[in-house]
Amino acid sequence: MVSRLTHKILLAVALALIAPRAFAQTPPDPSAAARIHIGPLALSPTLSLLNAGMDQNVFNEPDQALPKSDFTMTLEPKTDLWLHLGRSILSGNVTEDLVYYRTYSSQRSANHSLKVGLLVPLTRVTFRGSASYLNTRDRPGFEIDARPQRRELVYEGGVELRMLSKTSFGIKAIRQKIEFAADAVFLGNNLRTELNRQINGESLTVRHELTPLTTLTVDVGQQRDRFDFSPLRDSNSESVSFGIHFDPFALLKGNAAVGYRNFKPLVAGLPGFQGLTAAVDLSYVALGATKLSVQAGRDVQYSFDVNQPYYILTGINVSLAQQVFGPVDAVGRIGVQMLDYRDRAATFIAFADRVDYVHSYGGGVGYHVGKDLRIGFNVDNATRTSAATNRTYSGLRFGMAVTYGL
């Protein structure tokens, strides 16, 4: 069915390329809010000092291991950019994280992130493509407490055909490569051997403009995960998702999607997963002084343990920011993550059907100096509970944060 639909869409695309220009539409300009304009080039640079304070559990150790504390800070220069090429737009992002720990120098790092995208709107057809590169020593998720070196390279591309005044049909493809360094080790497991992999996927999409600021989407896709050194983890997936997108100029901003995934390991002895998935990133601003943000998700994540090779990660984070008076604001944060592990048959597992929880909460206050500078103080705590006592921890972080937009 997917193959027949793909052929029909490709045929329609070919016809649309010679369709009258009367159907051409100009996409919204994402560079409108940029701070600097130099001819067709728009730039939005920021410089942030993050977490300049104490981390009271640097390695996420349990209480019986006597957690180590240290002074840490992160300097983050970042630039978003857009270049207009006629009606096409070339976009990009460059981010550098310079992470410093005073005592534990092994935790210091320089993390690089690059992304470039191209939007080409033709008559009734829009082409999109992007490539991104990440080289980092950040923790890869809620499970692995080490900061291993890893690289990620992602290519994405797609084409959409506007067949009706408010409805488009398209195809998308993604290719992702994840590589850990040869010396990346956690709890005796070599992460390069366990988790290096390549992901390939394709999907069909339908997009409908419900209002000028609201778009509905339906995506049907398939995905193939292949591991370089651990074929016991290989899998195929089929998925369908229903989403809604709110324009940045709407009161409610962001994206939300719910769907169904059929995750099928290729090696016998490991149960699959058939169930709901979700991806939510929404924010709402009331009266220009109160901002509520919600991020939530549910999907399959791979574990470093080959005997419990994946888990279902279900989580939600909520933050509420309030302008208290004049230049002073306050924010509160709370979150919970559930890691529901799946066991491989006929292997020894110390804690079968394990479910771990990570609870976080925190808050802060900020003071605005003009419209470009914010100085803040934050306090955050995270706690993980688990049947495996060596996986439990509690850690408090507090310190200053300074953000300056050029």
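The values are calculated or read from the model by the stated rules, or taken from the named source; none is laboratory data. The structure displayed is predicted, hence computed values, not measured ones. FYI the Cβ positions are ideal-geometry reconstructions off the backbone, even for glycines, and counts take in every protein chain you see.
List of remarks:
- Qualifying residue in segment 347-367 (condition: part of a loop (DSSP other than H, G, I, E, B), at pLDDT below 95, out of contact with any Pro (no Cβ under 6 Å at 6 or more places or on another chain) and of a type in the set (S, T, N, Q)): yes
- For segment 133-154, filtering for residues that are among the hydroxyl-bearing types (Ser, Thr, Tyr) and either in contact (Cβ under 8 Å) with a residue 24 or more places away in the chain or assigned to a loop (DSSP other than H, G, I, E, B) (or both) leaves 1.
- Residue satisfying all of: in segment 187-200; in contact (Cβ under 8 Å) with a residue 24 or more places away in the chain and surrounded by fewer than 18 Cβ atoms within 10 Å (Cβ to Cβ); farthest from residue 239 (Cα to Cα) among these: 187
- Restricting attention to segment 172-201 and to residues that are outside any loop (DSSP other than H, G, I, E, B) and among the small types (Gly, Ala, Ser), the residue that is farthest from residue 140 (Cα to Cα) turns out to be 173.
- Close pairs (8 angstrom Cβ cut-off, 6 or more residues apart or separate chains): under 16 Å from residue 74 (Cα atoms) in segment 380-406, of a type in the set (Asp, Glu) anywhere: 397/55; 397/380; 398/380; 404/372
- Residues satisfying the stated conditions in segment 155-178, i.e. touching a residue at least 40 places away in the same chain (Cβ under 8 Å), buried (at least 16 other Cβ atoms within 10 Å of the Cβ) and of a type in the set (D, E, K, R): 160, 162, 172
- Single match in 406, 396 (criterion: at pLDDT below 95, over 19 Å from residue 320 (Cα atoms) and touching a strand residue (DSSP E or B) at 6+ places or on another chain (Cβ under 6 Å)): 406
Residue by residue, here is whether (1) modelled with pLDDT of 95 or more; (2) in contact with a Leu (Cβ under 7 Å, 6 or more places away or on another chain); (3) over 30 Å from residue 291 (Cβ atoms) holds:
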residue	(1), (2), (3)
192	yes, no, yes
195	yes, no, yes
199	yes, no, yes
218	yes, no, no
251	no, no, no
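- Those residues of segment 224-266 which are touching a Ser or Thr at 6+ places or on another chain (Cβ under 9 Å) and of a type in the set (Ser, Thr, Tyr), in sequence order: 230, 239, 241, 260
- Residues that are in contact (Cβ under 8 Å) with a residue 40 or more places away in the chain and farther than 24 Å from residue 172 by Cα within segment 82-108 comprise 97, 101, 104, 107, listed in sequence order.
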